[in-house]
Amino acid sequence: QTPGQAPATAEAPTKLRIDGGLLGVRSPIPEDEATYISADRLYGNNAEETFLEGNVEIRRKKLRLSSDAINYSPITDRATAKGNLVIEQESMLLKAPEGSVKLGTGESQMKNATFELRDIKGKGRADRMQYDGISSLTLENPNYTVCEVPNAGAADQGDWYITADSLEIDQASEVGRARGAKVVFQDVPILGVPYFSFPTSDRRKSGFLPPSFGTVSNSGLEVTVPYYLNIAPDKDLTLFPKVISGRGYQLGTQGRYLTPNNEGEIKYDFLPSDEKTGTDRSALSLLHKFEKGPFYAGVNFNQVSDDNYFVDFSRTQAVASQRVLVQEGFLSYRQKNWSANVRTVAHQTLQLFNDVIAEPYDRLPEATVELTPTRIGDANAFVSVSGQYTDFARPSSAPARVEGSRGVTRARVFMPIQRSEFSFTPALSVQSTNYDLKGQATGLPGGPSSVIPTVSLDSTVYFDRKTSFFGRKVNQTLEPRIFYLYTPFKDQSDQPIFDTTVTDQSLSRIFAENRYSGLDRVGDANQLTLAVTSRFYDEKSSEELFSVTGGQRLNLTASRVILQGFEAPTTSDSDFFANARGRISGSVFLDATTQLNAESGRHERGNISLSYAPSIGKQLNLGYRYTRAQIDQFDISGQWPISDRWSGVGRLNYSMLDNRLIEGVAGLEYGEGCWAVRVIAQRFATAPQLETTSLFVQLELTGLGRLGSNPADLLSRKVPGYTPFSTSQATQ
Amino acid sequence: GLEADRLQATTIDANQMTYNEKSNVTVFTGNVLLTRGSLVIRGEKLTLTETADGNQLAKVEGSPARFKQQRDSQVKSDVLLISGTGEMIEFDGNKSVVTLTGKASIEKSANGQLTESISGSKITYEQNTEFLNVVGAPNSAGKTRVQAVIKPKTQGQAQ
Amino acid sequence: CGFQLRGQYDFDFDKIELRGMENAEMNRNMDLQLQILNLKVNPPEGAPLKLNLIRETRDRSIVTFSATGRAREVRITYELFYSVTDKNGDFLIATSQLSQRRELTYTDDQILGKEAEENQLTTEMQRDIARQITGRLSALQVPKGQTAK
């Protein structure tokens, strides 16, 4: 209507040209692209930039943003905020006076910002902070702590905190990497390190292997400052530079790698010109496994520079007790029913001054082919066959010993008749052994051989009933078992002893078809073994709670094959064995075994262990082990909280036979919310009249790895069920 | 709005129209439709006043009143639209400014794809510069808030 | 005293699939134990349920030291993680773990013989675990729809 004209008549309105776009909105903004905004005021010249003022909130997928004022550009999808910027993404909370965020990716930059990583309780502040939107937070001049502090900005009021030139926290790989870092504990800087990485959760191998301090009786003061280098996702290298006051400087290295087909670990410790011995001391351990389809291969090589290496350098009795180091390489091809394996095995034997050991034969090589038990046609019979050829080389230190090659073939046929009420398994096996020897004693053949058959009948009958066991409804079974074994006597005294020994007598051995392990001897036998087992199964979960077994092997005729030098001839029936094992109640576990000499009724062997573990951080283990004329030791260990801050750890392993402390460990732990101090004293026997005493101090900063050597790991091996303070705190 | 819109004449179409000589105010009622080039405003009642300097102010009321306009775009084939609703829509002919009040909300779309939707208590839109100014609408908490949903320009779209 | 002769193994199925740890000794021991109980293992026409051997862990620790600091007794433990699923993958037995341990005296002078003895004991532990698994399998009711009697 042009103004001022007469009013238009009521014509029909002009038809608008219908054009797709003009129809307005057909498709809404997809959820994962939509940016939801709310503010007090919004203005903008056009689609280039939109200004938002007054407690602005922006949300995109899992990212939430709030600030006093934000300028958002849909073109660059970037929001620049001024005034109380807060960014929240899953368990991460970032705050800063200002900063900018790319909404689509979550990448953000901020200045003098604070951060909180709720899932790992990590918090702190930084002059500049960058977040990659995925998982990695990069901080400049940060301080970081895991302890309780009034607010994230006050990280330096934590019991411990880290300050650094730069710190990167990668939440995906759960690792923190700091450069130019300083660890401050109770306001005292205790560690300055140009670079270190630390785990942000317990699962990861600790990147930060903190320095350890300790004194060791045969070496003096020891300080180690380890470096963990995470070379690649599937490779890492750890260096252990160590100063030993009584000996010198040692460098330990440990490299690990894991690829789809290969896995391995290399450890090499080297200490040039040890002050105590004047020689270089070193230890190498190489472990490699290869697997591809049916092919398997591997190397397990261990070597030390001298016989006393472990006595001088090991911090645990287990390591100190190594006397024969294996040096093996193998290649095998495995299929469902058969496998072939070739290996060479050599040894390094450590002879200690008044404790000489007989060195084992090296097997250069040993080849084995094995057909696993396979059904014959569809008869109810199975056959297994194995062939082995071994070249035994005598150790250089025993040139007089016999050596040579041995070929063994074994075949076994058995017919398992298994009904639901009983099982009956007759078996026939044959072992043919022949040798080609050098250095045999005069009068003994160079190529002794033997072919020895064995017959066995094994039958068990099953009874059961419903009953209750310490208040729990159970199914109790009663399984009497009869096992007859017949092997004719064949004089094998002309055969050498390469890899054969008398096996322990035990409940599992009285049903074995050969009382010797290794293939140089097949024990003659005309024996009847009777045994009864009763098991208690939980009625609901059918889990085996407890079992009691008793059994005896009766020698119907005395066995005549004797392993010269290892066995005295006996005519007695086998001993009587009994074992009781299982969980008596929720937190009490019992394992008791006894072996009585059938004739004299004397106690040949026995051990009993009782462990009581009512809750995490509370554990008590009592153990007594006895073997006539060899072992008579009791072993008490435990961990018990003394107060909510203190807890005691200990182990005592004393041998009455030698009136000597085999091993003693005593530890005291004090813990606060985010740190714990552990002092561990330890003494263990390393050789006749020689022991190692050591005292270790360890400070553990939760979430930062254990500062100090690994007494915690040592304890977990020494005190079964031991739980480090931090874990027990976390779960309370 | 489109460059050409400014030069177009404003036409108004309605069922009834009354003109008041003294106050120089014309009131249109019933299916009111104001068009100027690609700008379209609809409502139940339109009050047109002419100021001394010859400027025309149109106030459109409706439940709600609606407006729509095509926006400039460098890519000829792109159809960029802006549309809005409000209990009252005012249009200043000379300044080419549209002001929506009363549960005001606007939507921008590109080729039918919604790119922005904003609501507030008062929205002013300058057609020539496409400058948008939104003031908060009272929300349940009594605070006046602007709510907006914006789609980021994918690389292709952003010129 | 209430005991009566009762079958330990009466299965609700006669075919079973055995998967996992294909070339390992445990797989062969489990396979043998299932065959001994007259179950068809991995039949071409499939089976109503599947026994998955997930992974095994072996550990060797020194239990007793002699007064001269040498290892006197060694404990070897063997642990197997397994689960049992029906035709469409639902758990009949959720992932669970069975473990066994044996102790044997040890002297460094007879390391070869002791190594052979440890291998024999490990095989024996695997057979014990295989028997325990078949015990639990016999307690399973396979959903009727799939019984392939």
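Worth pointing out:
- Among residues of the range B:85-126, those that are touching a Lys or Arg at 6+ places or on another chain (Cβ under 9 Å) and among the aromatic types (Phe, Trp, Tyr), counted: 1
- Hits in the range A:48-81 - residues which are closer than 30 Å to B:Val40 by Cβ and out of contact with any Pro (no Cβ under 6 Å at 6 or more places or on another chain): A:Glu48, A:Glu49, A:Thr50, A:Phe51, A:Leu52, A:Tyr72, A:Ser73, A:Ile75
- Filtering A:Gln327, A:Gln351 for residues that are modelled with pLDDT under 95 and among the polar types (S, T, N, Q) leaves a single hit, A:Gln351.
- Cβ pairs under 6 Å, 6+ apart, first in the range C:94-117 and more than 29 Å from C:Tyr82 (Cβ to Cβ), second part of a helix (DSSP H, G or I): C:Tyr106/C:Lys114
- Entry remark, the range C:100-120: residues being at the interface with chain A (Cβ under 7 Å from one of its Cβ atoms) and part of a helix (DSSP H, G or I) number 10 in total.
- Output for the range B:116-135, where each listed residue is in contact with a Ser or Thr (Cβ under 7 Å, 6 or more places away or on another chain), touching a residue at least 24 places away in the same chain (Cβ under 8 Å) and at the interface with another protein chain (Cβ under 7 Å from one of its Cβ atoms): B:Ile118
- Residue in the range A:65-85 that is open to solvent by 40 Å² or more (accessible area, probe 1.4 Å), in a loop (DSSP other than H, G, I, E, B) and among the charged types (D, E, K, R) present: no
- For the range A:243-253, a residue qualifies if it is farther than 20 Å from A:Leu287 by Cα, of a type in the set (A, V, I, L, M, F, W, C) and open to solvent by 30 Å² or more (accessible area, probe 1.4 Å), and exactly one does: A:Val243.
- Considering residues of the range C:1-57 that are open to solvent by less than 50 Å² (accessible area, probe 1.4 Å), in a strand (DSSP E or B) and not polar (S, T, N, Q) only, the residue nearest to C:Gly89 (Cα to Cα): C:Leu49
- Against the conditions (1) touching a strand residue (DSSP E or B) at 6+ places or on another chain (Cβ under 8 Å); (2) open to solvent by 50 Å² or more (accessible area, probe 1.4 Å); (3) under 23 Å from A:Asp312 (Cβ atoms), A:Arg256 satisfies every one except (3).
- Strands (runs of 3 or more DSSP E) fully within the range A:536-608 counting 3 or more residues that are in contact (Cβ under 8 Å) with a residue 60 or more places away in the chain: A:544-555, A:576-585
- The range A:1-33, subset assigned to a loop (DSSP other than H, G, I, E, B), modelled with pLDDT of 50 or more and within 7 Å of chain B (Cβ to nearest Cβ), residue farthest from B:Phe28 (Cα to Cα): A:Glu33
- Within the range B:63-82, residues that are over 18 Å from A:Ser27 (Cα atoms) sit with their Cβ atoms under 8 Å from residues that are among the basic types (Lys, Arg), at 6+ positions apart or across chains, in these pairs: B:Pro64/B:Lys103; B:Ala65/B:Arg42; B:Arg66/B:Arg42; B:Phe67/B:Arg42; B:Arg71/B:Lys108.
- Under the condition of being of a type in the set (A, V, I, L, M) and away from every other protein chain (no Cβ under 12 Å), the residues counted in the range A:481-509 number 2.
- In summary, strands (runs of 3 or more DSSP E) completely within the range B:1-86 and bearing 2 or more residues that are of a type in the set (Asp, Glu) and open to solvent by 30 Å² or more (accessible area, probe 1.4 Å) occur at B:39-50.
- A:Asp499 being in contact with a helix residue (DSSP H, G or I) (Cβ under 6 Å, 6 or more places away or on another chain) and over 27 Å from C:Ile93 (Cβ atoms): yes
- Of the residues in the range B:131-153, at least one is part of a loop (DSSP other than H, G, I, E, B), at pLDDT below 80 and among the aliphatic types (A, V, I, L, M).
- Among the residues listed as A:Tyr257, A:Tyr333, A:Tyr296, the single one being of a type in the set (Phe, Trp, Tyr) and away from chain C (no Cβ under 14 Å): A:Tyr257
- Looking only at residues in the range A:336-390 that are open to solvent by less than 20 Å² (accessible area, probe 1.4 Å) and among the polar types (S, T, N, Q), the one that is nearest to the other protein chains (Cβ to nearest Cβ) is A:Thr372.
- The residues in the range A:429-449 that are more than 11 Å from A:Arg410 (Cβ to Cβ) and surrounded by 17 or more Cβ atoms within 10 Å (Cβ to Cβ) can be counted, and the count is 4.
- Scan of the range A:34-64 for residues that are within 7 Å of another protein chain (Cβ to nearest Cβ), open to solvent by 40 Å² or more (accessible area, probe 1.4 Å) and assigned to a strand (DSSP E or B), ordered by number: A:Tyr36, A:Arg41, A:Tyr43
- Those residues of the range B:23-42 which are of a type outside the set (A, V, I, L, M), at negative phi and more than 9 Å from chain A (Cβ to nearest Cβ), in sequence order: B:Ser23, B:Thr29, B:Arg36, B:Arg42
- Residue list for the range A:524-551, restricted to those being hydrophobic (A, V, I, L, M, F, W, C) and open to solvent by 40 Å² or more (accessible area, probe 1.4 Å): A:Leu528, A:Leu530, A:Val532, A:Val548
- Within the range A:603-621, the residues that satisfy the criterion of being away from chain C (no Cβ under 14 Å) and either more than 23 Å from A:Gly550 (Cβ to Cβ) or of a type in the set (D, E, K, R) (or both) are A:Tyr612, A:Ala613, A:Pro614, A:Ser615, A:Ile616, A:Gly617, A:Lys618, A:Gln619, A:Leu620.
- Residues of the range A:408-428 that are open to solvent by less than 30 Å² (accessible area, probe 1.4 Å), farther than 16 Å from A:Ala512 by Cα and at pLDDT 95 or above: A:Val408 alone.
- Residue count for the range A:659-691 satisfying the condition of being buried (at least 17 other Cβ atoms within 10 Å of the Cβ) and part of a loop (DSSP other than H, G, I, E, B): 1.
The values are calculated or read from the model by the stated rules, or taken from the named source; none is laboratory data. Remember, it's a predicted structure, so these values are computed and weren't measured experimentally. Cβ coordinates were reconstructed from backbone atoms using ideal geometry, including for glycine residues, and neighbour counts include every protein chain displayed. Accessible surface is based on the protein model in full, side chains and every heavy atom, while ligands, DNA and RNA are left aside. Shrake-Rupley method; radii C 1.70, N 1.55, O 1.52, S 1.80 Å.
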